[in-house]
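**Q** I have a structure I would like to understand better, so I am pasting it below and will then ask my questions one at a time.
The values are calculated or read from the model by the stated rules, or taken from the named source; none is laboratory data. Keep in mind the model is a prediction, meaning the values are calculated, not measured. Note that we place each Cβ from the backbone using ideal geometry, even for glycine, and neighbour counts take in every protein chain shown. We work out accessible area using only protein heavy atoms, side chains counted, and drop any ligands, DNA or RNA first. Shrake-Rupley method; radii C 1.70, N 1.55, O 1.52, S 1.80 Å.
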Amino acid sequence: MYCVCREHVELAIDKFVDEYEDAPDLVNLQTTAFSAWTPPEHCDWCGNKAEVLVV
């Protein structure tokens, strides 16, 4: 699972496919709320705002 900015979505998808050999689901963190989990504010690869959950 990766929380990334728009710039790093392709990188996260590639890493996910390499690791799990399956296509990930993409979740827009701006429009989705989670009851038991708070997504990180920053991208896993840079300091930009995390906008997409790759899972």
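**Q** Out of all the residues in the stretch 9-21, which are of a type outside the set (Lys, Arg) and touching a strand residue (DSSP E or B) at 6+ places or on another chain (Cβ under 8 Å)? Give the derivation first.
**A** So the first thing to find is which residues in the stretch 9-21 are of a type outside the set (Lys, Arg), and the list is 9-14, 16-21.
Result: Val9, Leu11, Ala12, Ile13, Phe16.
**Q** List every residue pair whose Cβ atoms lie under 6 Å apart, where the two residues are 6 or more positions apart in sequence or sit on different chains, the first residue falls within the stretch 1-16 and is of a type in the set (Ser, Thr, Tyr), and the second residue, located anywhere, is surrounded by fewer than 17 Cβ atoms within 10 Å (Cβ to Cβ).
**A** Once the first residue is of a type in the set (Ser, Thr, Tyr) and sits in the stretch 1-16, its partners that are surrounded by fewer than 17 Cβ atoms within 10 Å (Cβ to Cβ) give Tyr2/Asp44.
**Q** Also, quick follow-up: With respect to Val17, is the statement that it is at pLDDT 95 or above, in contact with a Phe, Trp or Tyr (Cβ under 9 Å, 6 or more places away or on another chain) and open to solvent by less than 70 Å² (accessible area, probe 1.4 Å) true?
**A** The answer is no for Val17.
**Q** May I ask you to say which residue of Val9, Val27 is assigned to a strand (DSSP E or B) and within 10 Å of Val52 (Cβ to Cβ)? Even if it seems obvious, please write down each step before you answer.
**A** Values: Val9 fails: assigned to a strand (DSSP E or B).
From the options Val9, Val27, the qualifying one is Val27.
**Q** Right, next: Check the stretch 29-36 and report whether any residue there is surrounded by 12 or more Cβ atoms within 10 Å (Cβ to Cβ), without any contact (Cβ under 8 Å) to a residue 40 or more places away in the chain and within 10 Å of the chain's Cα centre (by Cα).
**A** Scanning the stretch 29-36 turns up at least one residue that is surrounded by 12 or more Cβ atoms within 10 Å (Cβ to Cβ), without any contact (Cβ under 8 Å) to a residue 40 or more places away in the chain and within 10 Å of the chain's Cα centre (by Cα).
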